[in-house]
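Peer 1: Just dropping this structure here.
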Amino acid sequence: LLKMLSQDQIFKKLVYGVDIPDPIESFEKLTGKIPKQVLDNILIDIGYQTPTQIQMQTIPILLKDRDIIGCAPTGTGKTAAFAIPIISNLKFHKKQGCRALIVSPTKELASQTFREFQALSKGINLKIIALTKKILQPKESENVDIIITTPLRLVYYIQNNQINLSSATCLVLDEADKLFEMGFLPQIDKILNACTNSKITRCLFSATMIKPVEDMALTVLRNPIKVVIGIPNI
Ligand code: ADP
Ligand code: MG
């Protein structure tokens, strides 16, 4: 796997929105705000030393359950930017059904995201599944906390009434530019409609800030904070 991340590279940063939480300059600043186990997983187990720019800005925003559109170049750690606060907000397993839903454009990206969630939540009692690998057993979705999926697979289960998303309090549309380019807007629409919980936090992450992604954000997000790292496509 190519590590494109360069911690030395400082990109231009733009943040828009109202009541923007302060960014964190180190993971240690999260002490007391996220479970100690998650902090240990980040710093000791995985060994990330400093948060990337998108992580500095996004983690405090999602810890406060704010809608967000996050745009940063490929390889700058967008997965952990949402995985760390999601795991921390959910804290432990509840038999409430799916509480966080991550939609990725491809099976490969969904699997990578699944592995990152597993590493970050090691030692935390959360049930996380990737819908790419396995067939969903009847009632299984009622006993998971986090579902990571591709659009088509999820819509298949929604249409067969095999999955209930009314309990979801967080929805992430990851790699939103790819989701759009691959023609998944109709599926995204069905997924949004299936997430009926009025208290849901919605997030959109993208490598490029293309017009359709902005449009999606405008229609989908409520009072969002927009974080753009790097040079946006105009
Ligand atoms: P993106 O979604 O922005 O393309 P990823 O989330 O896939 O990026 O992360 C790219 C790589 O950077 C992964 O190998 C990930 O483990 C690594 N990474 C993420 N956050 C950090 C960090 N804070 N420090 C060092 N490496 C990191
Ligand atoms: Mg990504």
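Peer 1: Work out how much length Y156 to L185 would gain on full extension: take 0.36 nm times their residue separation and subtract the Cα-Cα distance, in nm to one decimal. Mind showing how you got there, number by number?
Peer 2: Working: separation 29, 0.36 × 29 = 10.44 nm, distance 1.49 nm.
Going from the current span to full extension adds 8.9 nm.
Peer 1: Let me ask you something else. Test of understanding: what is the full-extension gain from Q96 to V15, defined as 0.36 nm times their sequence separation minus their Cα-Cα distance?
Peer 2: Values: separation 81, 0.36 × 81 = 29.16 nm, distance 3.43 nm.
Difference between extended and current length: 25.7 nm.
Peer 1: Identify the GluC sites (Glu not before Pro) of the stretch 1-110 meeting these criteria: DSSP loop state and at most 10 other C-beta atoms within 10 Å of the C-beta.
Peer 2: Details: sites: E25, E28, E108; in loops: E25.
Within the stretch 1-110, the qualifying GluC sites (Glu not before Pro) (loop, at most 10 other Cβ atoms within 10 Å) are E25.
Peer 1: Could you estimate the translational diffusion coefficient of the stretch 1-157 from the Stokes-Einstein equation, with Rh from the Kirkwood formula over C-alpha pairs, at 4 °C and 1.567 mPa s, in whole µm²/s?
Peer 2: Numbers: Rh = 16.4 Å.
It comes out at roughly 79 µm²/s.
Peer 1: Please state the charge dipole magnitude for the stretch 65-132, taken about the Cα centre, from unit charges on C-beta atoms (+1 on K and R, -1 on D and E), reported in debye and rounded to the nearest 20.
Peer 2: Values: 10 positive and 4 negative charges, 66 e Å.
The calculated dipole for the stretch 65-132 is roughly 320 debye.
Peer 1: Right, another one. Under the definition of Cα pairs under 8 Å and six or more residues apart, what whole-number percent is the relative contact order of the chain? Write down the numbers at each step before the final one.
Peer 2: Values: 448 pairs, mean separation 65.3, N = 234.
Here the relative contact order equals 28 percent.
Peer 1: Within the chain, what percent of beta bridges assigned by DSSP are antiparallel, to the nearest 5?
Peer 2: On the way: 4 of 28 bridges.
Given both bridge residues lie in the chain, the antiparallel proportion sits at roughly 15 percent.
Peer 1: Calculated FRET efficiency, E25 and R115, Cβ-Cβ r, R0 22 Å, to nearest 0.05? Write down the numbers at each step before the final one.
Peer 2: On the way: r = 27 Å, r/R0 = 1.23.
Efficiency, rounded to the nearest 0.05: 0.20.
Peer 1: Can you tally the net charge around E175? Count Lys and Arg as +1, Asp and Glu as -1, for every other residue whose Cβ sits under 12 Å from the Cβ of E175.
Peer 2: Values: positive: K78, K178; negative: E108, D174, D177, E181.
Here the charged neighbours net out to -2.
Peer 1: For the chain, what does -39500 (n - 2.57) per DSSP helix run (n ≥ 4), summed and divided by total residues, give at 222 nm, in deg cm²/dmol to the nearest 500?
Peer 2: Details: 8 runs with 78 residues, N = 234.
Here the helix-only value at 222 nm equals -9500 deg cm²/dmol.
Peer 1: Please report the base-10 log of the normalised intensity I(q)/I(0) for the stretch 17-75, using a Debye sum with one equal scatterer per alpha carbon and no solvent, at each q in 0.14, 0.15, 0.21 (1/Å).
Peer 2: -0.41, -0.46, -0.88
Peer 1: Another question, if that's okay. With bins 10 Å wide starting at 0, give me the P(r) of the stretch 134-234 over every alpha carbon pair, in whole percents.
Peer 2: 13, 46, 30, 9, 1
Peer 1: So which aspartates and glutamates can K211 reach, going by Cα to Cα under 19 Å and dropping same-chain residues fewer than 8 places off?
Peer 2: Within the straight-line cut-off, K211 pairs with D67, D174, E175, D177, E181, D189.
Peer 1: The stretch 85-122: which trypsin sites (Lys or Arg not before Pro) are DSSP loop and have at most 15 other beta-carbon atoms within 10 angstrom?
Peer 2: Values: sites: K91, K94, K95, R99, K107, R115, K122; in loops: K91, K94, K95, R99, K122.
Answer by residue number: K91, K94, K95, K122.
Peer 1: Follow-up. Which listed residue (V15, I68, S198) has the Cα farthest towards the positive end of the charge dipole for the chain, taking +1 on Lys and Arg C-beta and -1 on Asp and Glu C-beta about the Cα centre?
Peer 2: Selected residue: S198.
A short reminder: the numbers here are calculations on the coordinates, not readings from a lab. Computed from a predicted model, the values in this text were never measured in an experiment. Here the Cβ is made from the backbone with ideal geometry for all residues, glycine too, and neighbour counts use every protein chain on show.
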